[in-house]
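Student: Below are the structure tokens for one structure; questions will follow.
The values are calculated or read from the model by the stated rules, or taken from the named source; none is laboratory data. All of these numbers come straight from a predicted model, not from anything done at the bench. Glycine also receives a Cβ, built like all others from the backbone with ideal geometry; neighbour counts cover every protein chain displayed.
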Ligand SMILES: NC(=O)c1ccc[n+]([C@@H]2O[C@H](COP(=O)([O-])OP(=O)(O)OC[C@H]3O[C@@H](n4cnc5c(N)ncnc54)[C@H](OP(=O)(O)O)[C@@H]3O)[C@@H](O)[C@H]2O)c1
């Protein structure tokens with residue numbers, strides 16, 4: 001069925017709950033996908049203050065929304081207000097997508113950041129296995145989802161974070177989930193030591209993100225490990241200072257746009273049951289990122 005673009009009584013709604021939310025590329029990405037597939041659906045930004053989160057989530061049900069994304073600062077705090085969560089959420093400790101079962105009046109929390117990251121790694125033909133040594137910079141929600149996604153690969157994983165305590169918490173959690181996983185927590189001062197033999201370095205901090213684009217989370221004077229791949233989860237800007245510095249040292253650098261697109265595509269497919277037009281979604285994000 002094609003749809004001519006107007007909103008009417010049949011229009012189905014999804015949206016993104018965040019605070020702030022205006023910077024999100026998800027409305028453009030999803031609305032372009034709905035238009036491409038001729039679907040009478042719309043994706044709207046929903047600015048929700050932290051103290052009104054519970055009301056807003058129940059409001060989605062009352063208003064007949066088909067689903068939602070969740071972004072900062074609600075990814076963790078939304079969990080107690082949901083009716084169920086998937087295994088990926090229990091592991092990552094965060095929700096970025098909600099599926100709504102209107103007939104049962106239920107909200108289900110999912111995490112597509114983890115699968116989005118793993119899909120993008122696979123698409124870029126970066127394999128992670130028992131031989132791999134992974135350094136994850138950061139210990140926030142993204143680091144935890146990525147670390148959990150990689151923990152079962154058998155790779156050695158070091159979480160390097162400014163606040164060591166947060167890295168220790170992730171490591172304790174992962175060890176409790178998979179006894180055999182090879183994970184450790186390291187302070188920033190030990191980056192040189194832990195990264196010497198790394199095969200994959202992942203930036204899961206916000207350091208280098210727009211508008212503070214002239215900084216890098218990599219400690220000055222620490223050499224990049226030869227032959228490693230650098231994955232920066234940041235997508236604004238498309239090329240970060242860390243990526244430029246790593247490339248100058250001969251590393252292959254991958255930015256976070258693919259992760260963004262694949263987490264969005266996974267959410268789209270969960271809500272609509274249709275295959276997401278991934279290349280269109282990537283093109284739309286690229287256009288907006290190149291303009292901003
Ligand atoms: N591509 C995608 O689709 C995608 C999806 C999700 C997230 N991300 C990216 O992932 C990154 C982290 O997001 P998040 O949700 O995990 O955020 P978060 O939970 O707020 O964690 C932020 C992390 O950055 C570290 N950090 C912040 N400022 C720092 C500084 N000045 N020096 C050193 N470390 C600093 C924090 O360290 P402390 O613990 O010491 O504060 C923490 O580890 C962001 O850049 C975001 O864009 C990308």
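Student: Please state which one of 233, 213 is within 10 Å of the ligand (Cβ to nearest atom) and either at pLDDT below 95 or surrounded by 14 or more Cβ atoms within 10 Å (Cβ to Cβ) (or both).
Tutor: Values: 213 fails: within 10 Å of the ligand (Cβ to nearest atom).
Result of the check over 233, 213: 233.
Student: Does residue 103 satisfy being in a loop (DSSP other than H, G, I, E, B) and within 16 Å of the ligand (Cβ to nearest atom)?
Tutor: No.
Student: Same structure, new question: What number goes with the only condition from (1) near the ligand (Cβ under 8 Å from one of its atoms); (2) over 25 Å from residue 222 (Cβ atoms) that residue 139 does not pass?
Tutor: (2)
Student: Taking region 137-156, which residues are under 16 Å from residue 229 (Cβ atoms) and part of a loop (DSSP other than H, G, I, E, B)?
Tutor: Answer for region 137-156, where residues must be under 16 Å from residue 229 (Cβ atoms) and part of a loop (DSSP other than H, G, I, E, B): 153, 155.
Student: On to the next question. Quick check, is residue 93 more than 28 Å from residue 166 (Cβ to Cβ), surrounded by fewer than 21 Cβ atoms within 10 Å (Cβ to Cβ) and either at pLDDT below 95 or assigned by TED's automatic domain parsing to the domain that holds residue 269 (or both)? Step through it out loud before you land on a result.
Tutor: Values: more than 28 Å from residue 166 (Cβ to Cβ): no; surrounded by fewer than 21 Cβ atoms within 10 Å (Cβ to Cβ): yes; either at pLDDT below 95 or assigned by TED's automatic domain parsing to the domain that holds residue 269 (or both): yes.
It is false that residue 93 is more than 28 Å from residue 166 (Cβ to Cβ), surrounded by fewer than 21 Cβ atoms within 10 Å (Cβ to Cβ) and either at pLDDT below 95 or assigned by TED's automatic domain parsing to the domain that holds residue 269 (or both).
Student: Which members of region 237-250 meet the condition of being in a loop (DSSP other than H, G, I, E, B) and crowded, with 20+ Cβ neighbours inside 10 Å? Full working, then the answer.
Tutor: Narrowing region 237-250 to residues in a loop (DSSP other than H, G, I, E, B): 237-240, 249-250.
Scanning region 237-250 gives a single hit, 240.
Student: Scan region 268-278 and tell me whether some residue there is within 14 Å of residue 116 (Cα to Cα) and part of a loop (DSSP other than H, G, I, E, B).
Tutor: yes
Student: In region 186-199, which residues are surrounded by fewer than 22 Cβ atoms within 10 Å (Cβ to Cβ) and outside any loop (DSSP other than H, G, I, E, B)?
Tutor: 186, 187, 188, 189, 190, 191, 192, 193, 194
Student: To continue, here is another question. What number of residues within region 157-185 are in a loop (DSSP other than H, G, I, E, B) and either within 16 Å of the ligand (Cβ to nearest atom) or in the same structural domain as residue 96 (by TED's automatic domain parsing) (or both)?
Tutor: Selection size over region 157-185: 2.
Student: Is it the case, given these coordinates, that residue 152 is near the ligand (Cβ under 10 Å from one of its atoms) and either crowded, with 24+ Cβ neighbours inside 10 Å or not assigned by TED's automatic domain parsing to the domain that holds residue 90 (or both)?
Tutor: Against the criterion (near the ligand (Cβ under 10 Å from one of its atoms) and either crowded, with 24+ Cβ neighbours inside 10 Å or not assigned by TED's automatic domain parsing to the domain that holds residue 90 (or both)), residue 152 does not qualify.
Student: Identify, please: which residue in region 239-257 is more than 11 Å from the ligand (Cβ to nearest atom) and out of contact with any strand residue (DSSP E or B) (no Cβ under 7 Å at 6 or more places or on another chain) and is, among those, farthest from residue 198 (Cα to Cα)?
Tutor: Here the answer is 239.
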